[in-house]
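These notes are about the structure you will find just below.
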């Protein structure tokens, strides 16, 4: 079973993840891209990384906006190191703030 990070660890992690927040026991960020196609392309890139990690985001897409929430179900839907790793990968993929 995955071990949840404590609040101090999460706050430390967030310093290195611009635009990400800790909301309702999840790491969260909204990305505003240039169009629906661009948003879908971004989601496709993220999907390949998430699938490789076997760790899938809770996300929504409305036109050019993609909202991502990361938690680990095996840790009681709390933030774990696996969520941090995926957030970092998403941040590297993103071409917008």
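Structural remarks
- Residue 39 meets each of the listed conditions (1) touching a residue at least 60 places away in the same chain (Cβ under 8 Å); (2) out of contact with any helix residue (DSSP H, G or I) (no Cβ under 9 Å at 6 or more places or on another chain) apart from (1).
- Within the option set 11, 49, 38, being farther than 16 Å from residue 91 by Cα and either at pLDDT below 95 or part of a helix (DSSP H, G or I) (or both) holds for one residue only, 11.
- Options 17, 27: the member that is under 19 Å from residue 78 (Cα atoms), assigned to a loop (DSSP other than H, G, I, E, B), in contact (Cβ under 8 Å) with a residue 40 or more places away in the chain and under 12 Å from the mean Cα position of the chain (by Cα): 17
- Looking across region 52-62 at every residue that is over 13 Å from the mean Cα position of the chain (by Cα) and outside any strand (DSSP E or B), the one that is surrounded by the most Cβ atoms within 10 Å (Cβ to Cβ) is identified as 52.
- Any chance residue 84 is buried (at least 17 other Cβ atoms within 10 Å of the Cβ) and within 10 Å of the chain's Cα centre (by Cα): yes
- Every test in (1) modelled with pLDDT of 95 or more; (2) surrounded by 14 or more Cβ atoms within 10 Å (Cβ to Cβ) is passed by residue 75 save one, and that test is (1).
- Inter-residue pairs, beta-carbon under 7 Å, first on the phi > 0 side of the Ramachandran plot and assigned to a strand (DSSP E or B) and in region 71-86, second at pLDDT below 95 and surrounded by fewer than 14 Cβ atoms within 10 Å (Cβ to Cβ), 6+ apart: none
The values are calculated or read from the model by the stated rules, or taken from the named source; none is laboratory data. Model, not experiment: these values are computed from the prediction. Note that we place each Cβ from the backbone using ideal geometry, even for glycine, and neighbour counts take in every protein chain shown.
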